[in-house]
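First the structure, in the form of structure tokens, and then the observations on it.
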Amino acid sequence: MDKVYNFSAGPATLPHEVVLKAQAELLSFKDSGMSVMEISHRSDLYTTMASEAEQDLRDLMQIPDNYEVLFLQGGATQLFYTLPLNFANQAHRVGYINTGHWSERAEEEARYVSGLAVEEVGSSADQHFTELVHHVTLNGDYDFIHLTTNNTIEGTMYRDLPELNGETLVADLSSNFLGQEYNVNDFGIIYAGAQKNSGIAGLTVAIVRKDLLEQVPDLPAMLSFSKQAAKHSALNTPPVFAIYMAGLVFKWIKEQGGVAAMQKRNEAKAQLLYEFLDSSNLFRNPVVSADRSTMNIPFVTGDADLDALCVQEATKQGLMSLKGHKSVGGLRASLYNAMTIDGVQALVKFLEEFEKEHGGK
């Protein structure tokens, strides 16, 4: 195909300019004669590149000096366990806000930490996760409260964070990282897998308030956030290429006008698709309007066979990876930073034509 639009929830589409940049210097990074995939993580080439990536991220998110930025491996899923292992050692009690599949997974993994009390302080499960939890019930002291800001499968997203009465907030931002503005000071810890909105698989970014690192117990090195911070995320060979790609994405976002500009673009793209879905007689989005995500938009016809046909026909038109998650079915369009307005317009045009042909069936 000459042109495709990739609506995958992750690994996701990358900015075209970033891919071209990586292609241009793939064989010789910074005129070194070596690929970035070959350079030593102890070399000046790497340390300069990683430092630039960190500084660009700090600029984009206005990260204060009292926060450490870590470039980790293992994915956000590994952090589901290692975060409570590191940071739940005062009250030995943590609270989880359950708004969907990935917040449930985080809660499940926390229960593997010995001696830790894990409480669900809010849930929208009874609403089939079609809305968010905006009011939580807190009883006593917690080491932290965990929140997922954007639910990739269910299509919900926090714009305003719930009131936590001063408790430390730990948040998984994987699927709207750098696509929605947040105040870093509102969080004790932010973490995000890169492969959705800020790079490729193999890298997880963690932004940790430094006073929390002082509370970390003595743990095996690769599981310890404090030991990782002391070695600048290079206890072992870091994911060099993934950090390089994230660095290119950070620079690209800065060139586009920063996170505020990304948010504005994402809102415009999402509105285009939501307006179609809300006016459609065939497709519908099940999410409460105020809680809808700008990143991931699920929709259905109500007929599984028709949903499957729609995905099949869309793929033929170069509209890729629109199949919904297996737990909810239907279709899902992920409109991350790198998805262009042209891609969303092409999707809406296709859906309009599909509805004309199949709307009466």
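The values are calculated or read from the model by the stated rules, or taken from the named source; none is laboratory data. Remember, predicted model here, so these are calculated numbers, not experimental data. Note that each Cβ is placed from the backbone with ideal geometry, even for glycine, and that neighbours are counted across all protein chains shown. For the accessible areas, the whole protein counts, side chains as well, though only heavy atoms, and no ligand, DNA or RNA atoms are used. Shrake-Rupley method; radii C 1.70, N 1.55, O 1.52, S 1.80 Å.
Couple of notes before you dig in:
- Summed residue charge, Cβ within 11 Å of S32's Cβ, Lys/Arg positive, Asp/Glu negative: -3
- Scaled to the globular estimate 2.2 N^0.38 Å, the Cα spread of segment 129-191, given as radius of gyration, is 1.10.
- Entries in K210/K251; K3/K269; K196/K349 that, when Cα-Cα distance is taken, lie over 21 Å: K210/K251; K196/K349
- Here segment 87-102 is scanned for amide nitrogen atoms under 11 Å from the site 7 Å beyond the Cα of A117 along Cα-to-Cβ, giving 91-95.
- When nucleic acids and ligands are ignored and a 1.4 Å probe is applied, K251 ends up with an accessible area of around 80 Å².
- Straight-line reach from K231: taking Cα to Cα under 19 Å and skipping same-chain neighbours fewer than 8 places apart, the aspartates and glutamates in range are D44, E52, E54, D65, E68, D211, E214, D218.
- Reduced Cα scattering model of segment 223-361, Debye log10 I(q)/I(0), q = 0.14, 0.15, 0.20 Å⁻¹: -0.75, -0.82, -1.15
- Shape category assigned to segment 63-218 from the gyration tensor of Cα positions, a/c cut at 1.5: rounded
- For segment 296-353, convex hull volume per residue from C-alpha positions, Å³: 79 Å³
- Computed from backbone phi, the HN-Hα couplings of segment 2-7 come to 6, 9, 10, 10, 9, 9 Hz, rounded to whole numbers (Karplus: 6.51 cos²θ - 1.76 cosθ + 1.60, θ = phi - 60°; Gly and Pro given as x).
- Inter-site label distance for H41 and H358 at 7 Å from Cα along Cβ, in nm: 4.6 nm
- Summarised as an ellipsoid, the chain has semi-axes of 34, 28, 16 Å, derived from the eigenvalues of the Cα gyration tensor scaled by 5 and square-rooted, with the largest first.
- Treating each Cα of segment 145-287 as an identical point scatterer and summing with the Debye formula, the log10 of I(q)/I(0) at q = 0.14, 0.15, 0.19, 0.21 Å⁻¹ comes to -0.81, -0.91, -1.29, -1.43.
- For segment 271-282, putting each phi into the Karplus relation 6.51 cos²θ - 1.76 cosθ + 1.60 with θ = phi - 60° gives couplings of 4, 4, 6, 4, 4, 5, 4, 5, 9, 6, 9, 10 Hz, in residue order, rounded to whole numbers and with x for Gly and Pro.
- Values of log10 I(q)/I(0), in the order q = 0.19 Å⁻¹, for segment 14-113 under a Debye, Cα-only, solvent-free model: -1.06
- Amide H within-cut-off set for N296, under 5 Å, with H built and near neighbours excluded: L335
- Once backbone amide H atoms are built at 1.01 Å from N, A117 has R93, V94 as its partners under 5 Å, excluding neighbours fewer than 5 places away on the same chain.
- Amide H partners (placed H, <5 Å) of S123, local residues excluded: N98
- Heavy-atom accessible surface of the chain: percent carbon and sulfur, 1.4 Å: 47 percent
- Taking the helices alone, the chain has a mean residue ellipticity at 222 nm of -11500 deg cm²/dmol, built from -39,500 (n - 2.57) per DSSP H run of at least 4 residues and averaged over all its residues.
- Full-stretch length increase - N66, L272 - with 0.36 nm per residue and alpha-carbon distance subtracted: 70.2 nm
- Over segment 83-218, accessible surface divided per residue gives 37 Å², non-protein components excluded, 1.4 Å probe.
- What the phi angles of segment 333-347 give under the Karplus curve with 6.51, -1.76 and 1.60, with θ = phi - 60°, is a coupling list of 10, 9, 10, 5, 3, 7, 6, 8, 5, 4, x, 5, 4, 5, 5 Hz, glycine and proline written as x.
- Here the simple spin-label model places points 7 Å from the Cα toward Cβ, and for K316 and N236 these points are separated by 4.8 nm.
- Across segment 1-66, Cα pairs under 8 Å and at least six residues apart give a relative contact order of 11 percent.
- Between the C-alpha center of segment 112-173 and that of segment 41-55 there is a gap of 35 Å.
- Simple spin-label estimate for M222 and K21 gives 3.1 nm between the two label positions (7 Å along the Cα-to-Cβ direction from each Cα).
- Among the GluC sites (Glu not before Pro) found in segment 166-251, those both in a DSSP coil and sparsely packed, with 11 or fewer other Cβ atoms within 10 Å of their Cβ, are E214.
- Cβ-based charge dipole, the chain, positive-most Cα from H16, L72, G302: H16
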